[in-house]
Amino acid sequence: MLAIQLIREKTDWVKQRLAVKHFDHPEWIDEILQLDAQRRQLITEQDQLQNLRNAASREIGMLLRTGQHQQAETQKKEVIQLNTQIDELEKQRQQIEQQLEHLLLQIPNLPHESVPIGKSADDNVVVRQGGKIPTLPDNALPHWDLSVQYDLIHLDLGTKLTGSGFPVFKNQGARLERALIQYFLDFNTRAGYIEYLPPLLVNEHTAFGTGQLPDKEGQMYFISDDQLYLVPTAEVPLTNIYRDTILSPEQLPIKLTAYTPCFRREAGSYGKDVRGLNRVHQFDKVEIVQLVHPDHSYEVLEEMVVHVENLLKTLELPYRIVKLCGADMSFTSALTYDFEVYSAAQQRWLEVSSVSNFETFQTQRMKIRFREGKQTRLLHSLNGSSLALPRIVAALLENYQQPNGIHLPQVLHPYFGADKISPPAD
RNA sequence: GGAGGGAUGGCAGAGCGGUCGAAUGCGGCGGUCUUGAAAACCGUUGUCUCGGGCAACCGGGACCGGGGGUUCGAAUCCCUCUCCCUCCGCCA
């Protein structure tokens, strides 16, 4: 959520920035300003009347104590008059505020100055590329075939147990998943991130805090009996840990990491994009989150990008880093880098991480602040995947397939307990 | 699931329906003392918001778990929701 003062003070600049995100209702900004002016006017009037009421009530107390009941009664009648006026103003104010909030919630975050102008994902800018794209043997298979051949992942079984998009990992497949999670968490904690294991169900306050509500309501699974949402990413519970807190400068930066399964309804997805592990309803992901001083958040963003990049390098996968253009960014982000890994058998780039700076867009909602002198100030929040597992697994299987098995990168050997995935014994 | 108790400032802990934004203690910050530190003493110490100076500040309003009600007036009374504690039951 944008700060109303920002809209007030830099109206034209806000509109100009929103245009980069292809936000096509600049008139809402004007409506917001109008409502804001009305709101402040009403508050001023109401406060004045309440001031009068407080004084009068105090006087009534005095009158009663000194036995002047007559005067007290006339005073009471006046205050009752006042109260009807106050109630009227209060009703108006609430209505205005509701409209204001409704509009404000539909304004996306402003893109950073460096965000590329663009109309679609085609206009994203490749920042760096690394690793080597392997040449595969002639009979190379995509990961969904390898999964079956090596008895690693069973999508049809998931369909039987739950529905489509809920993969079942088995044997070496399950072990690989566990190894990756463990490795990623170790990599993050070594870099100073504090490990958490948060709840997988969150309430609506929490979902609202990071911006999942109301914007992406349909994307989350909802437990209606208890009014709880299944987490679509660890970002949600992790960032909300610090909701409604005022930190001291010495506590900064806050660096958090967590593994959680992620649940996404992905309504409306179809076709080859969803084949195999490319898009599923439940997947594993390790997330990193930082809450930092607003003056340094873009340095921290670069630091997080390098962190994820280093992790990817150790997996020895061909990758590239993409800076998202205005049209492709999320509602809440000010600047986002996507990480993609090359899936050699599918011959396409798959997104495995998204690292973003949200500036104060989330912290404004969550009221995450720090003390700066006598003032309080909003922190900046950032997060990124490090990493999302399914497409990493897909790329590992496809890129490393050899006639005698799937050779794993060295860093995984101790976690996996072997240097390769062996063909099933049969 | 059943019965009872509770939710107050960073923490602990008071609070007859009317100068209560809230006693007191601890902690924090500033100062005196000291070569320095500790102790002692003095002072200070919440958040949000509106208005004015458009800055260090000043004035108003709101906030004692959330929401609603009674009243001229509510931290204090009533209703409701949430959470916490104790006991019983059930259970990984």
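So here's what we get for this one:
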quantity	calculated
Among A:SER353, A:SER114, A:SER297, residue whose mean-square fluctuation peaks in a GNM of chain A (springs only between Cα atoms under 10 Å)	A:SER114
For chain A, with +1 on Lys and Arg beta carbons and -1 on Asp and Glu, the positive-most of A:LEU396, A:ILE246, A:HIS307 along the dipole	A:ILE246
Part-to-part distance (alpha-carbon centres) for the stretch A:2-59 and the stretch A:194-216, which is given in Å	28
Eligible lysines near A:LYS132 by straight Cα distance, threshold 17 Å, same-chain separation 8 or greater	A:LYS313
Accessible area of the stretch A:4-104 divided out per residue, in Å², using a probe of 1.4 angstrom	66
Most fluctuating residue given options A:ASN171, A:ASN109, A:ASN278, as computed from a GNM of chain A linking Cα atoms under 10 Å	A:ASN171
Chymotrypsin sites (Phe, Trp or Tyr not before Pro) lying in DSSP loop within the stretch A:185-266, provided at most 16 other Cβ fall within 10 Å	A:TYR221
Within a Gaussian network of chain A (alpha carbon springs, distance under 10 Å), most fluctuating of A:PRO318, A:PRO167, A:PRO199	A:PRO199
Carbon + sulfur, % of accessible area of chain A - ligands and nucleic acids excluded, 1.4 Å	49
Kirkwood estimate for the stretch A:1-134, i.e. one over the average of 1/r between Cα atoms, Å	19.3
Distance between the stretch A:362-421 and the stretch A:117-140 - C-alpha centres, whole angstrom	19
Neighbourhood net charge (13 Å Cβ-Cβ; Lys/Arg +1, Asp/Glu -1) for A:ILE181	-2
Eligible lysines near A:LYS77 by straight Cα distance, threshold 29 Å, same-chain separation 8 or greater	A:LYS91
Out-of-range pairs (alpha-carbon distance over 19 Å; input A:LYS21/A:LYS119; A:LYS21/A:LYS367; A:LYS21/A:LYS255; A:LYS119/A:LYS323)	A:LYS21/A:LYS367; A:LYS21/A:LYS255
Dipole of chain A, positive direction: furthest Cα of A:PRO294, A:SER386, A:SER343, with charges on the beta-carbon	A:PRO294
Neighbour-limited loop hits for trypsin sites (Lys or Arg not before Pro), the stretch A:29-137 (at most 12 other Cβ within 10 Å; DSSP other than H, G, I, E, B)	A:LYS119, A:LYS132
Trypsin sites (Lys or Arg not before Pro) within the stretch A:150-190, DSSP loop, no more than 16 other Cβ atoms inside 10 Å	A:LYS170
Surface accessible to a 1.4 Å probe, per residue, for the residues of the stretch A:121-421, Å²	43
Those lysines that a straight Cα-Cα span of less than 17 Å connects to A:LYS170, excepting residues fewer than 8 apart in one chain	A:LYS160, A:LYS420
Percent breakdown of C-alpha pair distances by 10 Å bin, ordered from the shortest bin, for the stretch A:121-421	6, 27, 35, 23, 8, 1, 0
Helical mean residue ellipticity (222 nm; -39500 (n - 2.57) per DSSP H run of 4+; nearest 500) of chain A	-13000 deg cm²/dmol
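The values are calculated or read from the model by the stated rules, or taken from the named source; none is laboratory data. Note that the structure is a prediction, hence the values are computed from the model and not measured. Note: ideal-geometry Cβ built from the backbone for every residue, glycine included; neighbour counts use all protein chains shown. What goes into the accessible areas is simple: the full protein's heavy atoms, side chains included, and nothing from ligands, DNA or RNA. Shrake-Rupley method; radii C 1.70, N 1.55, O 1.52, S 1.80 Å.
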